[in-house]
Amino acid sequence: MRPEPFKVLIATDAWHPQINGVVRTFERVCEYAPHYNVEIDVLHPGEWRTVPLPTYNEIRLALCTYGSVRDRIEASNPDYIHIATEGPVGFRTRQNCLRTGRGFTTSYHTKFPEYLNARIPVPVDWTYKRLCDFHNAGQAIMVTNDSLKRELSARGFENIRLWSRGVDCEVFHPIENSVLDLPRPIFLYVGRVSVEKNIEAFLKLDLPGTKVVTGKGPQLADLQSKYPDVHFTGAKEGEELTEIYASSDVFVFPSKTDTFGIVLLEALACGTPVAAYPVTGPRDVVGGTGCGALSDDLRQAALDALEIPRERCRAYAKEQSWLRSIGDFMNNILGVNDEPEFDLDEIERAASAEKRDFSSG
């Protein structure tokens with residue numbers, strides 16, 4: 001275990017009130033950092049005036065200047081800087097690091113070139129080239145799985161390190177009684193309701209029972225109009241979200257652009273098996289675990305997933321620890337700076353002992 005405290009500044013364009021995998025991930029970084037004696041400072045769009053992202057009003061872009069970001073970094077005086085996103089906050093932070101000679105790490109969360117191409121006819125290769133230049137200027141790029149690492153390496157991305165994700169199995173758990181009084185089987189989608197999520201591939205399927213969509217986004221009104229038989233719940237959080245996961249029979253994940261999909265682990269923690277395409281993300285999270293059905297025929301995958309034991313899904317999710325995930329994040333930062341790294345087994349033992357002491361007290 002590395003005893004000396006240190007401070008990490010995380011520069012991100014995705015933060016509250018957004019609800020997405022990037023925000024959830026860095027919320028967990030903040031939550032679990034004290035176990036590593038680490039202080040986290042978050043540099044986010046809420047510190048400036050913002051404007052809506054064209055075609056996606058829910059995402060706000062910070063009107064940050066180089067000088068204001070420079071002053072904020074100097075005031076924070078972090079030991080390490082991590083750039084989470086490639087937006088205005090991330091770009092200005094990168095600019096400052098390059099000008100001042102500060103090292104920094106980055107993370108790659110979404111297949112943004114495919115996301116952009118789904119909305120605007122921008123060539124995918126052109127966007128990847130710009131992203132490659134952005135990330136390769138840092139000391140290391142953190143990605144969620146081996147599939148993505150191979151894809152990015154083939155496009156010229158360098159110094160790639162793995163950083164997987166976790167799930168809180170106390171927050172997400174099975175329930176005894178369903179909160180969804182709908183014809184079964186219930187096939188569920190949870191996430192942003194937008195074109196890059198490929199939700200229509202799910203809604204068009206000829207499936208028995210009921211399709212449920214939980215989330216909000218720019219495509220919501222259009223899908224509600226086109227698919228009146230689908231049950232739309234709006235965005236849910238906390239116990240309400242857990243109850244919806246746990247009340248469903250299959251979690252359907254139609255996205256082909258996500259690099260991981262934290263919602264996959266959340267569904268599994270509630271005992272709900274997964275149906276998805278055999279692409280980066282689902283292939284790495286559930287491939288070979290027996291907790292999901294992956295097929296280019298999404299309808300068949302959804303039907304096959306009905307046969308998967310819910311106990312198996314829950315057991316697998318309990319092995320996916322946020323504590324260890326955040327430890328991998330910290331060790332990636334320390335490793336590229338040739339610093340002693342944390343003993344993650346020791347951290348987990350200390351956290352378990354602390355939890356037992358708290359429970360007995």
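For this structure, a couple of remarks:
- Average accessible surface area per residue within the chain, 1.4 Å rolling probe, Å²: 44
- Where only DSSP H runs of four or more residues are counted, the chain gives -12000 deg cm²/dmol as its mean residue ellipticity at 222 nm, each run worth -39500 (n - 2.57).
- Computed from the Kirkwood radius of its Cα pairs, the Stokes-Einstein diffusion coefficient for segment 14-111 at 25 °C and 0.890 mPa s stands at 172 µm²/s.
- Share of carbon and sulfur in the accessible heavy-atom surface of the chain [1.4 Å probe, %]: 48
- Convex hull projection area averaged over all views, segment 223-286, Cα basis, nm²: 4.8
- Above-threshold pairs, the threshold being 30 Å between Cα atoms, out of 236/318; 7/197; 204/236; 226/318: 7/197; 226/318
- Potential lengthening between residue 158 and residue 201 on full extension [0.36 nm per residue; Cα-Cα distance subtracted]: 12.1 nm
- Long-range HN-HN contacts of residue 210 with modeled amide H, under 5 Å: 186, 187
- Highest to lowest packing among 306-314, 279-287, 96-104, scored as the average C-beta count within 10 Å: 279-287, 306-314, 96-104
- For residue 140, residues with placed amide H under 5 Å, excluding near neighbours: 106
- When every Cα-Cα distance of segment 38-167 is counted in 5 angstrom steps from zero, the calculated P(r) takes the values 2, 9, 18, 21, 20, 17, 10, 2, 0 percent.
- Segment 281-361: translational diffusion in µm²/s, Stokes-Einstein, Kirkwood Rh over Cα pairs, 20 °C, 1.002 mPa s: 136
- In order along segment 268-284, the phi-based Karplus estimate (6.51 cos²θ - 1.76 cosθ + 1.60, θ = phi - 60°) of 3J(HN,Hα) comes to 4, 4, 8, x, 9, x, 10, 10, 7, 6, x, 10, 3, x, x, 4, 7 Hz; Gly and Pro are listed as x.
- Evaluating 6.51 cos²θ - 1.76 cosθ + 1.60 at θ = phi - 60° for every residue in segment 106-116, the Karplus couplings come out as 10, 9, 10, 10, 9, 6, 4, x, 5, 4, 5 Hz, glycine and proline recorded as x.
- In this simple spin-label model, placing a label point 7 Å from the Cα along the Cα-to-Cβ direction at both residue 297 and residue 133 gives a separation of 4.6 nm.
- Cα-based radius of gyration for the chain, normalised by 2.2 N^0.38 Å, reads 1.00.
- Solvent-accessible surface (1.4 angstrom probe) belonging to residue 111, in square angstrom, nearest 10: 20
- Hz values of 3J(HN,Hα) by residue in segment 302-317 - Karplus curve (6.51, -1.76, 1.60), Gly and Pro given as x: 5, 6, 5, 5, 4, 8, 7, x, 5, 4, 5, 5, 5, 4, 5, 4
The values are calculated or read from the model by the stated rules, or taken from the named source; none is laboratory data. Fair warning: this is a prediction, and the values are worked out from it, not measured in the lab. Backbone-built Cβ (ideal geometry, glycine too); neighbour counts: all protein chains shown. All accessible areas refer to the heavy atoms of the entire protein, side chains included, with ligands and DNA or RNA removed. Shrake-Rupley method; radii C 1.70, N 1.55, O 1.52, S 1.80 Å.
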